[in-house]
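**Student:** I'd like to ask you about the structure that follows.
Rule-based calculations on the coordinates, nothing more; no lab input. These numbers were taken from a predicted model, which means no experiment stands behind them. Cβ placement follows ideal geometry from the backbone for every residue including glycine, while neighbour counts extend to all protein chains displayed.
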Amino acid sequence: MDLIEIILKEIETCGKTRYRIAQDTGVSEAQLHRLVNGGSLHAENVGTLLEYFGYEVRKKKGRGNK
């Protein structure tokens, strides 16, 4: 499951309207509408929404990391 799919699932199942999510996050309702209808998001908005839904994005250790 990719990040956009995770966000879409959270929007669908969180019990909040897109309007409420927009008010809580600062990501416009228009951007959320476009996303739900197959559009994309800027990377900064992906991070904002993941954090809003309780996710943490971090780099895995290994593979060249010291």
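**Student:** With a cap of 15 neighbouring Cβ atoms within 10 Å, and only residues DSSP puts in a loop, list the trypsin sites (Lys or Arg not before Pro) found in region 3-62.
**Tutor:** Lys16, Arg58, Lys59, Lys60, Lys61
**Student:** Rg and Dmax in Å for the chain, alpha carbons only: what are they?
**Tutor:** Radius of gyration, then largest Cα-Cα span, for the chain: 13.2, 43 Å.
**Student:** Sticking with this structure for a sec: If each residue's Cβ is checked for other Cβ atoms within 10 Å, how do Val36, Val27, Val57 rank with the fewest at the top?
**Tutor:** Details: Val36 13, Val27 22, Val57 9.
So the ranking, lowest neighbour count to highest, is Val57, Val36, Val27.
**Student:** Indicate the helices, whole DSSP H runs only, in the chain that combine a mean Kyte-Doolittle hydropathy of 0.0 or more with a Cα extent along their long axis of 18 angstrom or more.
**Tutor:** Details: long enough: none.
Once both thresholds are applied, nothing remains.
**Student:** Name the residue farthest towards the positive end of the dipole of the chain from the options Thr17, Leu32, Thr48, assuming +1 on Cβ of Lys and Arg, -1 on Cβ of Asp and Glu, about the Cα centre.
**Tutor:** Selected residue: Thr48.
**Student:** For the chain, which GluC sites (Glu not before Pro) pass both filters: DSSP loop (anything but H, G, I, E, B) and at most 10 other C-beta atoms within 10 Å?
**Tutor:** Working: sites: Glu5, Glu10, Glu12, Glu29, Glu44, Glu51, Glu56; in loops: Glu56.
Within the chain, the qualifying GluC sites (Glu not before Pro) (loop, at most 10 other Cβ atoms within 10 Å) are Glu56.
**Student:** Tell me what the chain gives for mean residue ellipticity at 222 nm when only DSSP H runs of n ≥ 4 count, each as -39,500 (n - 2.57), the sum divided by the residue total, rounded to 500 deg cm²/dmol.
**Tutor:** Numbers: 4 runs with 37 residues, N = 66.
-16000 deg cm²/dmol, from helical runs alone.
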